[in-house]
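**Student:** Please see the structure below; I have some questions.
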Ligand SMILES: Cc1ncc(COP(=O)(O)O)c(C=O)c1O
């Protein structure tokens, strides 16, 4: 009989020690960090689930390619490899490298969006929303109703509400909608996938109205694997074929290669529009660098070129999705409220259900994340009222899993720690702000216990 255990499809070649701390030390560190886990020193964290962005482990093939980086200012060989790798999956005509995802967003929205415009998305991520708003436009979230109910099971909770999009197009008019975005997978909505059928419907509607469709493609490979598992007609296709089909429905994308590029830094912006590409490259030269490196070293371009292909590997994706589900299923079985079904890159604790005694204005997600740090030295992040203010539809604590980095025993330790916090949840207290910056406040806000 074949074995059923899904193992890490790699072995460990070099290690990075992590450090135990005592609870009383962590109390001190947390006070010094003003109860904002972004302000902790990473050395004071045992298991770091703050982000899956740029925190993964690279393969021997990526490290090998790094040695081949061509650092020429213009026309570098590494750019050609990078562009060819991107085009083999995404298929778009112009590939503009950037240092990370938000740089691609800034360039895209500064060229396409003007004050008074509206940009619909299934759910804008924090940097995406901030960049749309910085361009003077409104960021409109149009997730399906199921996507707003944490405990509800639905195979594609990242889907856009197509009827609501149609209504928005009729109400606002296509002239004020410079583009529509689909975020795959939907990070702010629980790492939930978007189906091919939904992307087709959104694409059809956009084309009928002459509005370009762009993908926020950060986790395109995980999204493709969910389509393979869950959407009829895709079981026999490879994740790469599925990604190619999805991107053919759009006109371009933004990408943070720190996620499904399996790299520690990097990103890109793609478009099929020649005129737009020219404007974008001019802006790139002003802020990021020449169009064949865009703020990256040649070696970074090499790491992304290899990483994008590795992210489409089926053994890797099977392990990736199964290991995220392992954490979620163990918590859910014990009655812990999480976003279901489990998403691709993270498990999201439903803080409103976990600590219902903490009012929203006292940041239940931030309070729960602080307690998890005190309990086990585990760093997570809030996605809720601190991050989005009144626009927050849910308050969640995201346990983001870096790619190819932690083993099953690390995750078992996380499960034990969350269960311990759950047992003592009545004792968790809310927080209040003592400082907030003018935008993206969750990164640097300071808080204190109420
Ligand atoms: C969905 C989504 N879009 C955009 C970004 C921004 O990418 P970066 O952090 O590389 O700027 C992120 C990062 O977490 C993301 O998850």
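**Student:** Given R₀ = 35 Å, what would the calculated FRET efficiency be for residue 166 paired with residue 436, taking r from the Cβ atoms and rounding to 0.05? Mind showing how you got there, number by number?
**Tutor:** Details: r = 37 Å, r/R0 = 1.05.
The value I calculate is 0.40.
**Student:** Hey, if you drop one equal point scatterer on each alpha-carbon of region 173-228 and run the Debye formula without solvent, what base-10 log of I(q)/I(0) do you get at q = 0.21, 0.30 Å⁻¹?
**Tutor:** For region 173-228, the Cα-only Debye profile gives -0.78, -1.16.
**Student:** For each of 111, 3, count neighbouring Cβ atoms within 10 Å of the residue's Cβ, then give the residues from fewest to most.
**Tutor:** On the way: 111 20, 3 6.
With the sparsest Cβ surroundings first, the list reads 3, 111.
**Student:** What's the FRET efficiency of residue 6 with residue 448 using the Cβ-Cβ distance as r and R₀ = 41 Å, to the nearest 0.05?
**Tutor:** Working: r = 43 Å, r/R0 = 1.06.
Using R0 = 41 Å, I get an efficiency of 0.40.
**Student:** While we're on this one: Evaluate the relative contact order of region 233-349 (contact order divided by residue number), counting alpha-carbon pairs under 8 angstrom at least 6 apart; express in whole percent.
**Tutor:** Numbers: 104 pairs, mean separation 23.2, N = 117.
Normalised by residue count, the contact order of region 233-349 is 20 percent.
**Student:** I would also like to ask the following. Please provide three numbers in whole Å: the alpha-carbon extents of region 249-328 along the principal axes, with the largest listed first.
**Tutor:** Sorted largest first, the three principal extents are 46, 31, 20 Å.
**Student:** Note down the nm distance, to one decimal, between modelled labels 7 Å out along Cα→Cβ at residue 19 and at residue 175.
**Tutor:** 6.0 nm
**Student:** Relative to the longest principal Cα axis of the chain, at what angle does helix 101-112 sit, 0 to 90 degrees, rounded to 10?
**Tutor:** Helix 101-112 sits at roughly 50 degrees to that axis.
**Student:** Can you put 95, 162 in order, fewest other beta carbons within 10 Å first?
**Tutor:** 162, 95
**Student:** For the residues 260, 274, what sequence is obtained by ranking on other C-beta atoms within 10 Å, fewest first? Working shown, then result.
**Tutor:** Values: 260 33, 274 9.
The fewest-first ordering by Cβ neighbours comes to 274, 260.
**Student:** With a 10 Å cut-off between alpha carbons and a GNM built on the chain, which of 362, 408, 149 moves the most?
**Tutor:** Looking only at 362, 408, 149, the biggest GNM fluctuation is shown by 408.
**Student:** In a Gaussian network model over the chain where Cα atoms closer than 10 Å are linked, find which of 106, 404, 31 has the largest mean-square fluctuation.
**Tutor:** Looking only at 106, 404, 31, the biggest GNM fluctuation is shown by 31.
**Student:** Tilt of helix 274-287 relative to the longest C-alpha principal axis of the chain, in degrees (0 to 90, nearest 10)?
**Tutor:** 50 degrees
**Student:** Sticking with this one: Taking the chain as a Gaussian network, where each spring joins two C-alpha atoms under 10 Å apart, which residue of 145, 104, 346 fluctuates the most?
**Tutor:** Judging by the Gaussian network model, the answer is 145.
**Student:** When you have a sec, figure out the Kirkwood radius of the chain from all distinct Cα pair distances and drop it here in Å to one decimal?
**Tutor:** Values: mean 1/r = 0.0449 Å⁻¹.
It works out to 22.3 Å.
**Student:** Measure out, as a whole number of angstrom, how far apart the alpha-carbon centroids of region 1-77 and region 134-209 sit.
**Tutor:** Going from one Cα centre to the other spans 32 Å.
**Student:** Also, I was wondering about something else. Between region 78-97 and region 284-337, what's the alpha-carbon centroid distance in Å?
**Tutor:** 17 Å
**Student:** Rounded to the nearest 10 degrees, what's the angle between the helix 23-32 long axis and the longest principal axis of the chain, both from Cα atoms, 0 to 90?
**Tutor:** 50 degrees
**Student:** Run the numbers on region 100-210 and let me know its relative contact order in percent, using alpha-carbon pairs under 8 Å that are six or more apart.
**Tutor:** Values: 174 pairs, mean separation 31.6, N = 111.
With pairs under 8 Å counted, the relative contact order is 28 percent.
**Student:** If you take the Cα atoms of region 3-93, find Rg, then find the Kirkwood Rh from the mean of 1/r over all pairs, what is Rg/Rh? Working shown, then result.
**Tutor:** On the way: Rg = 20.0 Å, Rh = 17.8 Å.
My calculation puts Rg/Rh at 1.13.
**Student:** What FRET efficiency comes out for the pair residue 207/residue 28, r = Cβ-Cβ distance, R0 = 56 Å, nearest 0.05?
**Tutor:** On the way: r = 57 Å, r/R0 = 1.03.
Approximately 0.45, to the nearest 0.05.
**Student:** Do you know the relative contact order of the chain, to the nearest whole percent, from alpha carbon pairs under 8 angstrom that are 6+ apart? Walk me through the intermediate numbers first.
**Tutor:** Values: 952 pairs, mean separation 106.0, N = 450.
Relative contact order of the chain: 24 percent.
Read the figures in this text as sums done on the coordinates, not as results from a lab. Values in this document were obtained by computation on a predicted structure and should not be read as measured data. Reconstructed Cβ throughout: ideal geometry from the backbone, glycine too, with neighbour counts over all protein chains shown.
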